[in-house]
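See below for the structure under consideration.
The values are calculated or read from the model by the stated rules, or taken from the named source; none is laboratory data. All values reported here derive from a predicted model rather than from experimental measurement. With ideal geometry, Cβ positions are generated from the backbone for all residues, glycine too; neighbour counts draw on all protein chains shown. With ligands, DNA and RNA removed, areas are computed over all heavy atoms of the protein, side chains included. Shrake-Rupley method; radii C 1.70, N 1.55, O 1.52, S 1.80 Å.
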Amino acid sequence: VDAVVFGANFNAGECCNAGSRLILHRSVADEIVGRVAERSRQVVVGDPLDPATQVGAIISPEHLNKIETYVREARSGGANLAAGGERLDFGAGQFMAPTILEGVRPDMAVAREEVFGPVLSVLTFETAEEAISIANSVDYGLSAGVWSRDFDNCLKVGRGVRAGTVWMNTFMDGASELPFGGYRQSGLCRELVRHA
């Protein structure tokens, strides 16, 4: 739960490898969404220069409008708001509450495009093959995280997901000695490491 909240909100979600989609097995979806929503409501939004802030300002008013459009269109398409969904007014700057959309379908723009905001789209699956298909159904493939009590499941799904980095039972972990880059529309070749 902590990793999901961090992945979705790190750098106000304006991060190329943000954890913007959460693909959950249907049997645990309600429980996990409830816990993630509860934790997301505790995230401190505010002045990026304040050390207590966990989610700072959105880069521009135009981008905040774009984020709100993704959320609004997802809701009008049948997604439900589990947390957030509104801009916050602190008198200056542009801020978005950490937002969780559940009931998102793989064909929705919020699940297919890079929102670059503190918005988490929750999709569900029944089989590992379906999860892999959902993960690979977008134009991007920079990073992914696979979580399971069964490490064989992590390996099976991790090998099937076409992403440059696939973390297993962790998220946003690594070092500059490791290559960084993705598949499809996610970057050109690899960054970092000596050979890059």
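Across bins of 5 angstrom width beginning at 0, how are the C-alpha pair distances of segment 102-160 distributed, in whole percent?
All Cα pairs, binned at 5 Å, distribute as 4, 16, 27, 27, 16, 9, 1 percent.
Excluding residue 123 itself, calculate the net charge of residues whose Cβ lies under 13 Å from the Cβ of residue 123, where each Lys or Arg counts +1 and each Asp or Glu counts -1.
Charge balance near residue 123 sits at 0.
Please give the per residue accessible area of the chain, computed with a probe of 1.4 Å over protein heavy atoms only, in Å².
I get 55 Å² per residue for this part.
Near residue 15, within a Cβ-to-Cβ distance under 14 Å, what is the net charge of the other residues, with Lys and Arg +1 and Asp and Glu -1?
Summing Lys and Arg as +1 and Asp and Glu as -1 gives -1.
Report the relative contact order of the chain, percent, no decimals, based on alpha-carbon pairs under 8 angstrom and at least 6 residues apart.
20 percent
So what is the relative contact order for segment 157-196, in percent, with contacts set as C-alpha pairs under 8 Å and at least six apart? Please report the intermediate quantities before stating the final value.
Details: 38 pairs, mean separation 12.8, N = 40.
After rounding, I find 32 percent.
Sorted by average packing, counted as other Cβ atoms within 10 angstrom per residue and highest first, what order do 64-73, 22-31, 4-13 take?
Going by the mean number of other Cβ atoms within 10 Å, highest first, we get 4-13, 64-73, 22-31.
Residue 164: net charge of surrounding residues, Cβ under 13 Å, Lys/Arg +1, Asp/Glu -1, itself excluded? Spell out each step's value before the answer.
Working: positive: 162, 184, 190; negative: 191.
Charge balance near residue 164 sits at +2.
What area, in nm² and to one decimal, does the C-alpha convex hull of the chain cast on average over all directions?
11.3 nm²
Mean 1/r over all different Cα pairs, inverted: what Kirkwood radius does segment 73-174 give, in Å? Write down the numbers at each step before the final one.
On the way: mean 1/r = 0.0661 Å⁻¹.
Taking the inverse mean of 1/r over all distinct Cα pairs, segment 73-174 comes out at 15.1 Å.
Considering the options 34, 24, 58, tell which one lies farthest towards the positive end of the dipole of segment 1-68, charges being +1 on Lys and Arg and -1 on Asp and Glu at the Cβ, about the Cα centre.
Highest projection toward the positive end goes to 24.
May I ask you to give the percent of accessible area on segment 26-106 that is carbon plus sulfur, with a probe radius of 1.4 Å?
Values: 2210 of 4560 Å².
Percent of accessible area from carbon and sulfur atoms in segment 26-106: 49.
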